[in-house]
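Below is one structure, written out as structure tokens, with a few remarks after it.
The values are calculated or read from the model by the stated rules, or taken from the named source; none is laboratory data. All of these numbers come straight from a predicted model, not from anything done at the bench. Cβ: placed from backbone, ideal geometry, glycine included. Neighbour counts: every protein chain shown.
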Amino acid sequence: MDFGDDPYPNYALLRTEEPVRQVMEGKGLYGLLVTRYEDVRSLLSDPRMSKDPRNAPLDWQEAGKGRPLEDRTGLGTHLLTTDAPEHTRLRRLVSTAFTARRVENLRGQVQEITDGLLDGIVPTGRCELLGDFAFPLAITVICELLGVPRKDQDVFRQWTKDFRRWTNNDDSGRTGPQDARPVGLRDLLGYLTDLVDKRRNEPADGLVDALIAARDADDRLNETELLSMMSLLLIGGFETTVNLIGNGTLALLRHPDQLALLRERPELLDSALEEMLRYDGSFETATWRFPLEPIEVAGTRIEKGHPVLLSLAAADRDPAKFKEPDRFDVARAENGHVAFGRGAHFCLGAPLARLEGRIAFEGLLRRLPGLALAVPPEQLRWQRSLTIRGLEALPVTFDA
């Protein structure tokens, strides 16, 4: 079996034999992979671990490696690529706009979008769950959050699909020439720029308006920071939700006893969501980190600037932390997973992902009885990505 289809046996071996391992990625990236829970958890919040690619090795910087893909639009400097004090400033400003109350106010819209998508799916008895449900749900919610008018949402979805396909074909982190951007990505950037301009002249009540207004004393987001935050929300937001729904549904289908238990006891849905995130989360590794000074991890000395990948997937299957970690248990009581990271870089969109996931699975469990895989599990294909853990497609059947 390909490593990408089921990396967990390999991670188990690494945790035991070489918890800090030098690795090479297919497109030429190199770095150290950290796999034990306590090491990953500690390094996620260690201020000596920089997220800023300017602290990468010189050969990386010269080759444009380690930069996020959105850097090709000039929008690669955001919460995932900055350190304190710049990161602290950006997060403080963004947090004044992306509040728990704003997320909670989306509940009715998320429910309406979910019900509408299921209305179209239920009579058919068969669907491709990611393309027909998870992807349009995630993108529509982001459009509503950003304040994209409904008349523009179809073309907005198409641009995002274009970007997603491009991301999966080139996840090296290299920065290419400006004309290497796909047309959809250029159009998306132009649209977001126009949307900001319009909202400055005609304010409404969306997240864009809150980000424009976000300020701390005399400080506020500049134009590039504002657009970067919007692109980060778009890119991170839809992958988190799509893969939570896809990976979580697959886990349920491959563990029919747990699916039956969750149908019988819907009050377990919150713990089931956390178990989905632990067992097979949306992101396999955190984005690159670069030590600001030499550090020692599990007996291995890591030199200043040496690229480091923290394996969230490996950490969340570590038997030193989780009892029977390879068992999928929707009633697992204590679940200190690191699927959303930890510390200053803890995922800002985690509350939104949990809200969408809960409403989505409530609908799937209630309205799709007899849910089953439409193909043998070995025919499923996983995205080839350095960081993302998600299926290409998930065809299912159910009782129409």
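Looking at segment 124-143, which of the residues that are small (G, A, S) and in contact with a helix residue (DSSP H, G or I) (Cβ under 8 Å, 6 or more places away or on another chain) is modelled with the highest pLDDT? Even if it seems obvious, please write down each step before you answer.
Keep residues of segment 124-143 that are small (G, A, S), which gives 125, 131, 134, 138.
Applying the additional criterion that residues be in contact with a helix residue (DSSP H, G or I) (Cβ under 8 Å, 6 or more places away or on another chain) yields 134, 138.
Details: A134: 96, A138: 92.
Checked segment 124-143; the qualifying residue modelled with the highest pLDDT is A134.
For segment 231-243, give me each residue that is at pLDDT 85 or above and farther than 9 Å from I142 by Cβ. Matches in segment 231-243: E239, T240, V242, N243.
Kindly indicate which of K51, K65 is closer than 18 Å to K304 by Cβ, modelled with pLDDT of 85 or more and either over 21 Å from the mean Cα position of the chain (by Cα) or not aromatic (F, W, Y) (or both). Show your work before the answer.
On the way: K65 fails: modelled with pLDDT of 85 or more.
The unique qualifying residue is K51.
Within the group R150, R126, R157, which residue is among the basic types (K, R) and within 20 Å of the chain's Cα centre (by Cα)? Steps first, answer last, please.
Values: R150 fails: within 20 Å of the chain's Cα centre (by Cα); R126 fails: within 20 Å of the chain's Cα centre (by Cα).
Result: R157 is the single residue among R150, R126, R157 that is among the basic types (K, R) and within 20 Å of the chain's Cα centre (by Cα).
Residues of segment 216-225 that are more than 11 Å from L79 (Cα to Cα) and assigned to a helix (DSSP H, G or I): E223, T224.
In this entry, A339 is excluded by the filter for residues that are under 15 Å from the mean Cα position of the chain (by Cα), closer than 19 Å to T241 by Cβ, assigned to a helix (DSSP H, G or I) and at pLDDT 95 or above.
Working only within segment 144-154, note down all residues that are over 14 Å from R107 (Cα atoms) and in a helix (DSSP H, G or I).
The initial filter retains those residues of segment 144-154 that are over 14 Å from R107 (Cα atoms), namely 146-154.
Residues satisfying the conditions are L146, R150, K151, D152, Q153, D154.
Is it true that A12 is at pLDDT below 95 and of a type in the set (A, V, I, L, M, F, W, C)? So A12 does not fit the description; no. Against the condition crowded, with 19+ Cβ neighbours inside 10 Å and in contact with a Ser or Thr (Cβ under 9 Å, 6 or more places away or on another chain), how does L352 come out, does it pass? Considered against the rule, which asks whether it is crowded, with 19+ Cβ neighbours inside 10 Å and in contact with a Ser or Thr (Cβ under 9 Å, 6 or more places away or on another chain), L352 comes out as yes. Quick one: would you say D280 is acidic (D, E), in contact with a helix residue (DSSP H, G or I) (Cβ under 6 Å, 6 or more places away or on another chain) and at pLDDT 90 or above? For D280, the condition - acidic (D, E), in contact with a helix residue (DSSP H, G or I) (Cβ under 6 Å, 6 or more places away or on another chain) and at pLDDT 90 or above - is met. Those strands (runs of 3 or more DSSP E) of segment 255-315 in which 1 or more residues are surrounded by 16 or more Cβ atoms within 10 Å (Cβ to Cβ) and under 23 Å from the mean Cα position of the chain (by Cα) occupy 308-310. Residues in segment 368-400 that are of a type in the set (V, I, T), modelled with pLDDT under 95 and assigned to a loop (DSSP other than H, G, I, E, B): T387 only.
Which ones in segment 342-367 are of a type in the set (A, V, I, L, M, F, W, C) and part of a helix (DSSP H, G or I)?
Quick first cut of segment 342-367, residues of a type in the set (A, V, I, L, M, F, W, C) only: 344, 346-348, 350, 352-353, 355, 359-361, 364-365.
Within segment 342-367, A344, A350, L352, A353, L355, I359, A360, F361, L364, L365 meet the criteria.
Can you find even one residue in segment 349-371 that is in contact with an Asp or Glu (Cβ under 6 Å, 6 or more places away or on another chain) and either under 14 Å from G248 (Cα atoms) or of a type outside the set (S, T, Y) (or both)? Scanning segment 349-371, I find at least one residue that is in contact with an Asp or Glu (Cβ under 6 Å, 6 or more places away or on another chain) and either under 14 Å from G248 (Cα atoms) or of a type outside the set (S, T, Y) (or both), so the answer is yes.
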